[in-house]
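The values are calculated or read from the model by the stated rules, or taken from the named source; none is laboratory data. Because the structure is predicted, anything quoted here is derived from the model rather than measured. Because the Cβ atoms are built from the backbone with ideal geometry, glycine has one as well, and the counts that use them run over all protein chains shown.
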Amino acid sequence: MPTTDASAPYSTGGGGVWIEHRYAATLVAALLTEDPISELGDDVVPHSVRLQASYIGPIDDVVVEGSTRDGLGRRVSIGVRRDPGLTTSDEKSVPLVRSFLRVVTGLWDEVAAGRWRVALAVGVSSTAVQQTDVLARMARSVSFAAGFRTAVERPGAAKAAVRTRLKHLDALVVAAVKNQDDLSQVDAEELTWR
């Protein structure tokens, strides 16, 4: 099992817990009403919602599992934060990014097959979060890291601010991988795409 990072006081009892519980309540409502959730995919109805599920994976704030109509299982690990900066100098986001990287490296076969997803739920939809969402959508539209970079640089595909956000995310990935033997086996640009 991957090593765990120390949690910040905010995320272990402050405002983060309130946001996490409130968000989890919406997921439980979907479970009870048997409604699909976008985090799992519109074809998947959740059958379990777990909080602080570090025994399942590195992103442990909320873990939701469900099954497709043909019976295939799918899981999403969700990091919950109030207002992540997601900038080069945002040291608080480094452990968050590291936990995401641990899923997309250690569990890559499951992620690549579409059986394990990752998501970031936020309390504030800041510009940084919106730009990261644009990049995530672009990353999902291609099947390899170089294709992602090409898509981002394609004229008219992404605004300059979104391309700058990619540089911030690249820097966060480099910071998250530093001194982490389990993460340094994959190229940083590949990790950002994943």
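Does the stretch 41-52 contain at least one residue that is within 19 Å of the chain's Cα centre (by Cα), under 22 Å from residue 97 (Cβ atoms), in a loop (DSSP other than H, G, I, E, B) and modelled with pLDDT of 90 or more?
yes
If only one of 174, 122 is under 23 Å from residue 83 (Cα atoms) and either among the polar types (S, T, N, Q) or at pLDDT 95 or above (or both), which one is it? Before the answer, list the steps.
Numbers: 122 fails: either among the polar types (S, T, N, Q) or at pLDDT 95 or above (or both).
When all the criteria are applied, what remains is 174.
Does residue 193 qualify as being closer than 25 Å to residue 67 by Cα and aromatic (Phe, Trp, Tyr)? I'd like the intermediate steps shown before the answer.
Details: closer than 25 Å to residue 67 by Cα: no; aromatic (Phe, Trp, Tyr): yes.
When the stated conditions are applied, residue 193 does not pass them.
Select from the stretch 150-160 the residues that are farther than 13 Å from residue 133 by Cβ and of a type in the set (Gly, Ala, Ser) and write down the one among them that is nearest to the chain's Cα centre (by Cα).
Within the stretch 150-160, the match that is nearest to the chain's Cα centre (by Cα) is 151.
Can you find even one residue in the stretch 41-52 that is over 26 Å from residue 171 (Cβ atoms) and touching a His at 6+ places or on another chain (Cβ under 6 Å)?
Taking the stretch 41-52 as the starting set, the residues that turn out to be over 26 Å from residue 171 (Cβ atoms) are 41-52.
Filter once more, so that each one left must be touching a His at 6+ places or on another chain (Cβ under 6 Å): none.
The answer is no, given that none of the residues of the stretch 41-52 is over 26 Å from residue 171 (Cβ atoms) and touching a His at 6+ places or on another chain (Cβ under 6 Å).
Just the residues that are exposed (fewer than 12 other Cβ atoms within 10 Å of the Cβ), charged (D, E, K, R) and in contact (Cβ under 8 Å) with a residue 40 or more places away in the chain, please, taken from the stretch 144-166.
Correct list: empty.
Which one of 97, 103, 129 is closer than 19 Å to residue 176 by Cα, buried (at least 17 other Cβ atoms within 10 Å of the Cβ) and in contact with a Phe, Trp or Tyr (Cβ under 8 Å, 6 or more places away or on another chain)?
On the way: 97 fails: in contact with a Phe, Trp or Tyr (Cβ under 8 Å, 6 or more places away or on another chain); 129 fails: in contact with a Phe, Trp or Tyr (Cβ under 8 Å, 6 or more places away or on another chain).
Sole residue among the options that is closer than 19 Å to residue 176 by Cα, buried (at least 17 other Cβ atoms within 10 Å of the Cβ) and in contact with a Phe, Trp or Tyr (Cβ under 8 Å, 6 or more places away or on another chain): 103.
Out of (1) assigned to a loop (DSSP other than H, G, I, E, B); (2) closer than 22 Å to residue 177 by Cβ; (3) in contact (Cβ under 8 Å) with a residue 24 or more places away in the chain, the odd one out for residue 124 is which?
Among (1) assigned to a loop (DSSP other than H, G, I, E, B); (2) closer than 22 Å to residue 177 by Cβ; (3) in contact (Cβ under 8 Å) with a residue 24 or more places away in the chain, residue 124 violates only (2).
Of (1) in contact with an Asp or Glu (Cβ under 8 Å, 6 or more places away or on another chain); (2) in a loop (DSSP other than H, G, I, E, B); (3) farther than 30 Å from residue 26 by Cα, residue 163 satisfies all except one. Which?
The one condition residue 163 does not meet is (2).
Looking at the stretch 17-55 only, could you name the residues that are surrounded by 14 or more Cβ atoms within 10 Å (Cβ to Cβ), without any contact (Cβ under 8 Å) to a residue 60 or more places away in the chain and under 14 Å from residue 115 (Cβ atoms)?
44
So which residues in the stretch 81-117 are of a type in the set (A, V, I, L, M, F, W, C), outside any helix (DSSP H, G or I) and either at pLDDT below 95 or farther than 21 Å from residue 24 by Cβ (or both)?
Here is the first cut: in the stretch 81-117, the ones of a type in the set (A, V, I, L, M, F, W, C) are 86, 94, 96-97, 100-101, 103-104, 107-108, 111-113, 116.
Still in the list and also outside any helix (DSSP H, G or I): 86, 107, 113, 116.
Across the stretch 81-117, the qualifying residues are 86, 107, 113.
The conditions are (1) assigned to a helix (DSSP H, G or I); (2) touching a Ser or Thr at 6+ places or on another chain (Cβ under 8 Å); (3) of a type outside the set (Gly, Ala, Ser), and residue 183 fails exactly one of them. Which is it?
Tallying (1) assigned to a helix (DSSP H, G or I); (2) touching a Ser or Thr at 6+ places or on another chain (Cβ under 8 Å); (3) of a type outside the set (Gly, Ala, Ser), residue 183 fails exactly one: (1).
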